[in-house]
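Input: a single structure, listed below in structure tokens.
The values are calculated or read from the model by the stated rules, or taken from the named source; none is laboratory data. This structure is a prediction, so every number in the text was calculated from the model and none was measured. Neighbour counts run over all protein chains shown; Cβ positions are idealised from the backbone, glycine included.
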């Protein structure tokens, strides 16, 4: 029996699909928004995710990108979008398969079994992010630095986790406000600066003498291993 997570906001699709997949022997959980789906995927570790793209709070392709940053769970995208360019973009973003609505439960069941055969381990590997001596575990929401636990507030953890999932990449304040704070950009970048300052202090560094968190003036911030900076 496979454990499936269905991320679909349309109740008229979600309810009969859950029933039909359960009749075919699957354990099915469901979420109606992208962020609820991301949380459930990380906390419950399903064997496979069935993902709609047209979600109310976030485009499914963006959710796929976020999920792929922390998980290898197989994903089947199920959507009404049948444009070839979109299909290619979604598969390149990390989807394992793509089914266009309308589809039958039997078709989805067959695709799910095929995807799971290609990924016999199913589920997600250890999602702990490791950057140098820094370890960030999203399941327990714990952080250690060189073996010592670092006490962070929920927001500080979310900020560090977002950066640790993109080691070596410059992340803009606009992205951090959108993804971590879930608010639009516009004069609120001081919020990011303050939290980065608190985070640096807890990691035992400063903006003047950074080890992990490096400010890229006028652009954003980059997290990387001290070894990578030379």
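Data for the structure
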| quantity | calculated |
| --- | --- |
| Residues satisfying the stated conditions in the range 8-18, i.e. surrounded by 22 or more Cβ atoms within 10 Å (Cβ to Cβ) and closer than 14 Å to residue 80 by Cα | 8 |
| Residue match in the range 102-125 (condition: part of a strand (DSSP E or B) and modelled with pLDDT of 85 or more) | no |
| Members of the range 65-90 found to be part of a helix (DSSP H, G or I) and in contact with a strand residue (DSSP E or B) (Cβ under 6 Å, 6 or more places away or on another chain), listed by number | 87, 90 |
| Boolean, residue 41 is under 16 Å from residue 79 (Cα atoms), in contact with a strand residue (DSSP E or B) (Cβ under 9 Å, 6 or more places away or on another chain), crowded, with 18+ Cβ neighbours inside 10 Å and in the same structural domain as residue 80 (by TED's automatic domain parsing) | no |
| Residue check, residue 199 at pLDDT 85 or above, assigned to a helix (DSSP H, G or I) and either within 18 Å of the chain's Cα centre (by Cα) or closer than 21 Å to residue 66 by Cα (or both) | no |
| Residue pairs meeting the criteria (Cβ under 6 Å; at least 6 apart or on separate chains; first part of a strand (DSSP E or B), in the range 134-155; second modelled with pLDDT under 90) | 135/128; 136/129; 137/128 |
